[in-house]
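Engineer: Here it is: the structure, laid out below.
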Amino acid sequence: MNYLEVEDLRVSYHTPEGEVPAVRGVGFGLAAGSKLGLAGESGCGKSTVALALLRLLPRSAGIRGRILLDGEDVLTMRWGRLRAVRWAGASIVFQGAMHSLNAVRRVGHQIAEPIRLHGSVPRDRVPQRVGELLDQVGLPGWRARSYPHELSGGQRQRVMIAMALACEPRLVIADEPTTALDVMIQAQILRLLDRLVGEHDISMLMISHDLSVLSGSCDRLAVMYAGRVVEEGPAHAVVTDARHPYAAALGSAFPTVGDPASRRAPHGLPGDPPDPADLPSGCAFRPRCAVVEDRCAAIDPVLWPVDSDSAGSAGRSAACVRVLDSAAPEDTGAPDGAETATTRVADPDTTLPTQESGAQY
Amino acid sequence: MSGPAGEGVPASARALAWERRRRALVGFCRQYARNRAGLYGLGGLLLIGMVALSAPLFIDQAAISVTGAPGQRFESPSVEYPLGTDAFGRSVLDLVVWGARISLAVGFLATFVSVALGTLIGIVAGHFGGLGGNALMRVTDWFMVLPTLVMAIALAAVLSRSTLTIVVAIGVTAWPVTARLVRAQTLAVEARPFIERARALGGGHGYVMVRHVLPNVMPVVLAQTTLLVAEAIIMESTLAFLGLGDPATISWGGILQEARNAGAVSSGIWWYMIPPGLAIALVALSFTLCGRALEGVLNPRLRERR
Amino acid sequence: MTGAATVGRADTAARRSRVLRYVGGRLLTAVVSLFAVMVTSFFLFRILPGDPVRAMTTGREVTVEQQAELRRQFGLDQPLWQQFLDYCAGLARFDFGLSYQYRVPVSELIAEAIGPTVLLAGTGTLVAALIGVTLGIRAGWRHGSVGDRANTAVALFLFSVPSFWLGLLFIVVLASGTGWLPGLFPTGGMATPGVDGVVAVTVDVGHHLVLPVATMVAVVYAQYLMIMRSSMLDETGADYLTTARAKGLRDALVLRRHAVPNALLPTVTLIFLNLGRVVGGVILIETVFSWPGLGSLFYSGLQVPDLPLVQALFVVFASAVIIMNLLADLVYPLLDPRVRT
């Protein structure tokens, strides 16, 4: 069984202007020891997903769906149980560690805090454990007495990682772990994270806007757009041979090392991500899509398995009408009129394949 | 628009500007109206303002003079004197209503003096910067160190006893806060590109300061002003209570001083003491509520907090 | 990483000189301000209307010769610049001259009155800060809640109330013994004459202290509440609080261990800054409760006018603010590790 199982997760924020959907039905599973990357532009809902996993969203957020952590639904847990699961069951490496660490507390104290709280080791062994953790992330023990501002960005991120490993969780959620760092440090931190996660047999959900960061560390990738997963599959396949036009654009936005062609013709993506409060009809990517068709305005596609006979497409799925066409032309049929398409879209769970069915692995 | 193109264009530009202003005003009012406390404050101010303005219509000035008092000394509240009478037999209600005039007038005037002074110094210091600007800010900092109340008391004591003295004493001691605020805002405004453009087009110092900086600084000043009026009114009553006001005028602080001197405290003549103090508190509260609401609308950083 | 350690230690010398320069700069600013205050005080009160000699001798028959003698005795026959030099020289020796009305050295009067003022202002600030900060933390943490709104409303109202009026009301209701309530507290002063013994005197002074302190707290705590509330609001969305929650900390612990230590820093500075102003601010409360402190002394000195006394008190009030500003500047770096280095 998967250690983490997310089913039809929906998050919306209550604002004075009304409900704004941030996550609109996301599902994925994460087997013990495996690594999944979640990619997308800022504002696509990927960080909201990360915070929702431990119910860390502000009170103005409404969450629906199921988040099964080791078989237990996080969303229906009682507060006491939830607090016990936080950090001990799954911990988070936050982005921009400057603000994620408390500026007026020594880092040793901050690392020790969850250890004491969850009783991971006997009280008298806590300082020793903090030393071990710092050693694991390549920091000298005396750094425990430093304040966050006395550390460099990379060192702070190392502290964050040491902290995340403190209670030996089975899942680490890394939310943009390297965003604020320069490229050299980025690589160091990624290698460190990779090594530690591998050594301790921890599952990892890594979130980034940088597909190249994810493709290096993760087994599988899920690309999010406007609150949904639009493409999902083995990391290499998604990067090199994306089926959703957005995933393809995201992949080509980062030049492949050693490929002069990609450097000479970088493919940026025109336009801005859509306003979650005012999504276009049909496919949310439609206004920015290079290969948009008339029917895209009427159909709001969901994840659908990519044709399995093409090479390297095992366990892949994408949410694009063109994938739907090639996958099952007889069964579903290409929607030939806006009329029928709209009625189908009105109740996607029954007429079209659901998110979950496409995202199991 | 119907005229020749040469005239039509500026007319429509002006119409556009008006339209934009009108829309900004409507938006402003709508945002203000969202703050319920601010609406209470505004309502309170309108009410008190109206009472103060119309006081001469229903109060006979002779009845509130020390010699022409109609009642007996210290009458307790009755139908004729809803709030009783004071040591001279005057109706306390009449006194409090009349006192609103002087308290509000002093509050507004003193605020005007201090805001004008503070804005002038703040803009000049912010605009010119350099040695002169820094020296001005040093002076401002130093004035901030002086204990306002002590300074105002000293000034009021030094100058002759009149309402004008109180206005000056408050106005001269309360300006540094405004000056600091305006300077910060001036620096922010002058960093924007349109100032550069105005300079490039040949706008002199005076032109830039008055036409560009001032309008952009005003919103911040407005909120600050409203808060300052509350402070000025309390300060006025304080000085009057200490006997530093003009003995011939009726103000809330003055009434309280008379009450204390007449022994109202020890003999428990509550109707002589509660109304003026309550009036001060309510007016100051109304101004504070309005000021906070304005700050919330005009200062976006604060807006998201409420 | 070990390289960083040695670099860190080599930095200490540079850091020490930087700290010294910082402290020196603050001290210099404070001294300059003090001097400016002294100058202002001298010239400001020279404009006071009325002849001090006539004020000193009201109700007594004095000959012209005696008046001239008095003038000479108090140095009033000297030119203004000479008086100013004498005044400065005196200040340097903490000699503020003779009080016109009491005929004793001003320094003695101030020494007598400073204790009561510090007692009143100190107790009042302490209580007000405790109440204000506690309520402010709660209001900010649960902002928008019923408790927050009620707290803010009450604070804003009390903030608008003139302190002297509130003091008078307290006296009427709780001290004068009118109506159905007996006089629970003394109407004024600091001690009942004839009370002896350490315990009895302490209790007696405490009893006298209740109403003035209550008045002061009621008017002042709102400021602390609003400051604490808004600095809590600044922190509520902070990332490190999300980290703390993610660790599994209870809400109360997130508040106590993480939010409050961060939000408290600006408030502590403000409390220090206010402490200086409070010394001058108690003038009214002291006047209303006839508390034998600096405020009462200042008020009585203004009526005469007792130039040396009023001048000296003005300097004392302003120095209180300057010294507290200096302390705030010096203490803040010790509290905030971000500024410490």
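Engineer: Assuming C:T202 fulfils every condition listed in (1) in a helix (DSSP H, G or I); (2) among the polar types (S, T, N, Q); (3) surrounded by 19 or more Cβ atoms within 10 Å (Cβ to Cβ) apart from one, which condition is it?
Structural biologist: Unmet condition: (3).
Engineer: Can you spot a residue in the range C:177-186 that is touching a Phe, Trp or Tyr at 6+ places or on another chain (Cβ under 7 Å) and surrounded by fewer than 20 Cβ atoms within 10 Å (Cβ to Cβ)? Working first, answer last.
Structural biologist: So in the range C:177-186, the residues touching a Phe, Trp or Tyr at 6+ places or on another chain (Cβ under 7 Å) come out as none.
There is no residue in the range C:177-186 that is touching a Phe, Trp or Tyr at 6+ places or on another chain (Cβ under 7 Å) and surrounded by fewer than 20 Cβ atoms within 10 Å (Cβ to Cβ).
Engineer: Tell me yes or no: at least one residue of the range C:249-263 is at pLDDT 80 or above and either touching a Cys at 6+ places or on another chain (Cβ under 6 Å) or not in a helix (DSSP H, G or I) (or both). Lay out the reasoning, then the answer.
Structural biologist: Kept after step one, since they are at pLDDT 80 or above, are these residues of the range C:249-263: C:249-263.
After this cut, where a residue has to be either touching a Cys at 6+ places or on another chain (Cβ under 6 Å) or not in a helix (DSSP H, G or I) (or both) as well, the list is C:249-250.
Checked the range C:249-263: at least one residue is at pLDDT 80 or above and either touching a Cys at 6+ places or on another chain (Cβ under 6 Å) or not in a helix (DSSP H, G or I) (or both).
Engineer: Quick test of your reading of the structure: B:R73 fulfils all but one of (1) touching a residue at least 40 places away in the same chain (Cβ under 8 Å); (2) in contact with a strand residue (DSSP E or B) (Cβ under 9 Å, 6 or more places away or on another chain). Name the failing condition by number.
Structural biologist: Of the numbered conditions (1) touching a residue at least 40 places away in the same chain (Cβ under 8 Å); (2) in contact with a strand residue (DSSP E or B) (Cβ under 9 Å, 6 or more places away or on another chain), the odd one out for B:R73 is (1).
Engineer: Could you pull out the residue among C:L273, C:L249, C:L307 that is over 13 Å from the mean Cα position of the chain (by Cα) and open to solvent by 10 Å² or more (accessible area, probe 1.4 Å)? Spell out how you get there, then give the answer.
Structural biologist: On the way: C:L273 fails: over 13 Å from the mean Cα position of the chain (by Cα); C:L249 fails: open to solvent by 10 Å² or more (accessible area, probe 1.4 Å).
Going through C:L273, C:L249, C:L307 in turn, the sole match is C:L307.
For every residue, the table says whether it meets (1) more than 14 Å from chain B (Cβ to nearest Cβ); (2) among the basic types (K, R); (3) more than 28 Å from C:L158 (Cβ to Cβ).
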{"position": "C:P193", "(1), (2), (3)": "yes, no, yes"}
{"position": "C:V201", "(1), (2), (3)": "yes, no, yes"}
{"position": "C:T236", "(1), (2), (3)": "no, no, no"}
{"position": "C:G248", "(1), (2), (3)": "yes, no, yes"}
{"position": "C:A259", "(1), (2), (3)": "yes, no, no"}
{"position": "C:V279", "(1), (2), (3)": "no, no, no"}
{"position": "C:E286", "(1), (2), (3)": "no, no, no"}
{"position": "C:G293", "(1), (2), (3)": "no, no, no"}
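Engineer: Here's a follow-up. Working only within the range B:231-259, note down all residues that are of a type in the set (S, T, Y) and more than 10 Å from chain C (Cβ to nearest Cβ). Give the derivation first.
Structural biologist: Our first condition is that a residue be of a type in the set (S, T, Y); within the range B:231-259, this holds for B:237-238, B:249, B:251.
Correct list: B:T249, B:S251.
Engineer: Taking A:R64, is it open to solvent by 30 Å² or more (accessible area, probe 1.4 Å) and within 13 Å of another protein chain (Cβ to nearest Cβ)? Show your work before the answer.
Structural biologist: Numbers: open to solvent by 30 Å² or more (accessible area, probe 1.4 Å): yes; within 13 Å of another protein chain (Cβ to nearest Cβ): no.
Taking the combined requirement at face value, the residue does not satisfy it.
Engineer: So if I check each of A:V20, A:V74, A:V85, A:V6, which one is of a type in the set (A, V, I, L, M, F, W, C) and under 15 Å from the mean Cα position of the chain (by Cα)? Even if it seems obvious, please write down each step before you answer.
Structural biologist: Values: A:V20 fails: under 15 Å from the mean Cα position of the chain (by Cα); A:V74 fails: under 15 Å from the mean Cα position of the chain (by Cα); A:V85 fails: under 15 Å from the mean Cα position of the chain (by Cα).
Result: A:V6 is the single residue among A:V20, A:V74, A:V85, A:V6 that is of a type in the set (A, V, I, L, M, F, W, C) and under 15 Å from the mean Cα position of the chain (by Cα).
Engineer: From B:L181, B:L228, grab the single residue that is more than 18 Å from B:S103 (Cα to Cα) and either away from chain C (no Cβ under 14 Å) or not β-branched (V, I, T) (or both).
Structural biologist: Sole residue among the options that is more than 18 Å from B:S103 (Cα to Cα) and either away from chain C (no Cβ under 14 Å) or not β-branched (V, I, T) (or both): B:L181.
Engineer: Name the single residue that is farthest from A:L82 (Cα to Cα) among those in the range A:42-53 being of a type outside the set (A, V, I, L, M) and within 11 Å of the chain's Cα centre (by Cα). Break it down stepwise before answering.
Structural biologist: So the first thing to find is which residues in the range A:42-53 are of a type outside the set (A, V, I, L, M), and the list is A:42-48.
Then drop every residue that is not within 11 Å of the chain's Cα centre (by Cα), which leaves A:44-48.
Numbers: A:C44: 26, A:G45: 23, A:K46: 21, A:S47: 20, A:T48: 18 Å.
The selected residue is A:C44.
Engineer: Can you name the residue in the range C:153-165 that is crowded, with 21+ Cβ neighbours inside 10 Å and part of a helix (DSSP H, G or I) and, of all such residues, is farthest from the other protein chains (Cβ to nearest Cβ)? Explain how you work it out, then say what you get.
Structural biologist: Just the residues of the range C:153-165 that are crowded, with 21+ Cβ neighbours inside 10 Å, to begin with: C:155, C:159-165.
Next, from what is left, pick out any that are part of a helix (DSSP H, G or I): C:155, C:159-160, C:163-165.
Working: C:A155: 10, C:F159: 7, C:S160: 4, C:S163: 8, C:F164: 5, C:W165: 3 Å.
Ranking the qualifying residues of the range C:153-165, first place goes to C:A155.
Engineer: Oh, and also: So A:R105 fits all but one of (1) basic (K, R); (2) within 14 Å of chain C (Cβ to nearest Cβ); (3) open to solvent by less than 40 Å² (accessible area, probe 1.4 Å); what number is the exception?
Structural biologist: (3)
Engineer: On to the next question. Could you list, in sequence order, the residues of the range C:320-334 that are β-branched (V, I, T) and within 14 Å of chain B (Cβ to nearest Cβ)? Give the steps one after another, and end with the answer.
Structural biologist: From the range C:320-334, those β-branched (V, I, T) are C:321-323, C:331; that's our starting set.
Once the filter is applied, which keeps residues that are β-branched (V, I, T) and within 14 Å of chain B (Cβ to nearest Cβ), the range C:320-334 yields C:V321, C:I322, C:I323.
Engineer: Just to be sure before I move on: is B:L214 open to solvent by 20 Å² or more (accessible area, probe 1.4 Å), within 12 Å of chain C (Cβ to nearest Cβ) and modelled with pLDDT of 80 or more in the structure I sent?
Structural biologist: On the way: open to solvent by 20 Å² or more (accessible area, probe 1.4 Å): yes; within 12 Å of chain C (Cβ to nearest Cβ): no; modelled with pLDDT of 80 or more: yes.
Here the answer is no, as B:L214 does not meet what is asked.
Engineer: Look at the range B:150-164 and say how many of its residues are without any contact (Cβ under 8 Å) to a residue 12 or more places away in the chain and more than 11 Å from B:L109 (Cα to Cα). Write out each step before concluding.
Structural biologist: Taking the range B:150-164 as the starting set, the residues that turn out to be without any contact (Cβ under 8 Å) to a residue 12 or more places away in the chain are B:150, B:154, B:158-160, B:164.
Filter again for more than 11 Å from B:L109 (Cα to Cα), leaving B:150, B:154, B:158-160.
Result for the range B:150-164: 5.
Engineer: Has the range B:260-272 got at least one residue that is surrounded by 24 or more Cβ atoms within 10 Å (Cβ to Cβ), facing chain C (nearest Cβ under 9 Å) and hydroxyl-bearing (S, T, Y)?
Structural biologist: Looking through the range B:260-272, none of the residues is surrounded by 24 or more Cβ atoms within 10 Å (Cβ to Cβ), facing chain C (nearest Cβ under 9 Å) and hydroxyl-bearing (S, T, Y).
Engineer: Specify the residue that is most open to solvent (accessible area, probe 1.4 Å); the eligible residues are those in the range A:67-95 that are more than 7 Å from chain C (Cβ to nearest Cβ) and at positive phi.
Structural biologist: Looking at the filtered set, the residue picked out is A:D70.
Engineer: Looking only at the range A:157-169, which residues are assigned to a helix (DSSP H, G or I) and either in contact (Cβ under 8 Å) with a residue 60 or more places away in the chain or over 19 Å from A:A88 (Cβ atoms) (or both)?
Structural biologist: Keep residues of the range A:157-169 that are assigned to a helix (DSSP H, G or I), which gives A:157-165.
Across the range A:157-169, the qualifying residues are A:Q157, A:R158, A:V159, A:M160, A:I161, A:M163, A:A164, A:L165.
Engineer: Going by the structure shown, is C:P292 more than 28 Å from C:F170 (Cα to Cα), in a loop (DSSP other than H, G, I, E, B) and open to solvent by 10 Å² or more (accessible area, probe 1.4 Å)?
Structural biologist: Numbers: more than 28 Å from C:F170 (Cα to Cα): no; in a loop (DSSP other than H, G, I, E, B): yes; open to solvent by 10 Å² or more (accessible area, probe 1.4 Å): yes.
No.
Engineer: Being away from chain B (no Cβ under 11 Å), within 30 Å of A:M77 (Cα to Cα) and free of Cβ contacts under 8 Å to residues at least 40 places away in the same chain, is that true of even one residue in the range C:264-273? So that I can check it myself, show each step before the final result.
Structural biologist: Keep residues of the range C:264-273 that are away from chain B (no Cβ under 11 Å), which gives C:264-272.
Remaining after also requiring within 30 Å of A:M77 (Cα to Cα): none.
No.
Engineer: Follow-up. If you check A:I207 against the conditions, is it away from chain C (no Cβ under 13 Å) and closer than 24 Å to A:L303 by Cα?
Structural biologist: Values: away from chain C (no Cβ under 13 Å): yes; closer than 24 Å to A:L303 by Cα: yes.
It is true that A:I207 is away from chain C (no Cβ under 13 Å) and closer than 24 Å to A:L303 by Cα.
Engineer: Being touching a residue at least 12 places away in the same chain (Cβ under 8 Å), within 13 Å of chain C (Cβ to nearest Cβ), in contact with a Leu (Cβ under 8 Å, 6 or more places away or on another chain) and of a type outside the set (A, V, I, L, M) is the filter here; which residues of the range A:120-156 pass it?
Structural biologist: Once the filter is applied, which keeps residues that are touching a residue at least 12 places away in the same chain (Cβ under 8 Å), within 13 Å of chain C (Cβ to nearest Cβ), in contact with a Leu (Cβ under 8 Å, 6 or more places away or on another chain) and of a type outside the set (A, V, I, L, M), the range A:120-156 yields A:G138, A:R143, A:P148, A:G154, A:Q155, A:R156.
Engineer: Residue under question is C:V213, and the condition is that it be buried (at least 20 other Cβ atoms within 10 Å of the Cβ), within 11 Å of chain B (Cβ to nearest Cβ), assigned to a helix (DSSP H, G or I) and touching a helix residue (DSSP H, G or I) at 6+ places or on another chain (Cβ under 7 Å); does it hold? Break it down into steps so the answer makes sense when it comes.
Structural biologist: Numbers: buried (at least 20 other Cβ atoms within 10 Å of the Cβ): yes; within 11 Å of chain B (Cβ to nearest Cβ): no; assigned to a helix (DSSP H, G or I): yes; touching a helix residue (DSSP H, G or I) at 6+ places or on another chain (Cβ under 7 Å): yes.
For C:V213, the condition - buried (at least 20 other Cβ atoms within 10 Å of the Cβ), within 11 Å of chain B (Cβ to nearest Cβ), assigned to a helix (DSSP H, G or I) and touching a helix residue (DSSP H, G or I) at 6+ places or on another chain (Cβ under 7 Å) - is not met.
Engineer: Does A:L9 qualify as being more than 18 Å from A:D219 (Cβ to Cβ) and either within 14 Å of another protein chain (Cβ to nearest Cβ) or basic (K, R) (or both)? Let's see the steps before the verdict.
Structural biologist: Working: more than 18 Å from A:D219 (Cβ to Cβ): yes; either within 14 Å of another protein chain (Cβ to nearest Cβ) or basic (K, R) (or both): no.
Taking the combined requirement at face value, the residue does not satisfy it.
Engineer: I would also like to ask the following. Go through the range B:215-306 and tell me which helices (runs of 4 or more DSSP H), entirely inside it, have 3 or more residues that are of a type outside the set (K, R) and touching a residue at least 24 places away in the same chain (Cβ under 8 Å).
Structural biologist: On the way: elements: B:252-261, B:264-267, B:270-298, B:300-303.
Those helices (runs of 4 or more DSSP H) span B:252-261, B:270-298.
The values are calculated or read from the model by the stated rules, or taken from the named source; none is laboratory data. Remember, it's a predicted structure, so these values are computed and weren't measured experimentally. Note that we place each Cβ from the backbone using ideal geometry, even for glycine, and neighbour counts take in every protein chain shown. Heads up: the accessible areas ignore ligands, DNA and RNA and are worked out on the full protein's heavy atoms, side chains in. Shrake-Rupley method; radii C 1.70, N 1.55, O 1.52, S 1.80 Å.
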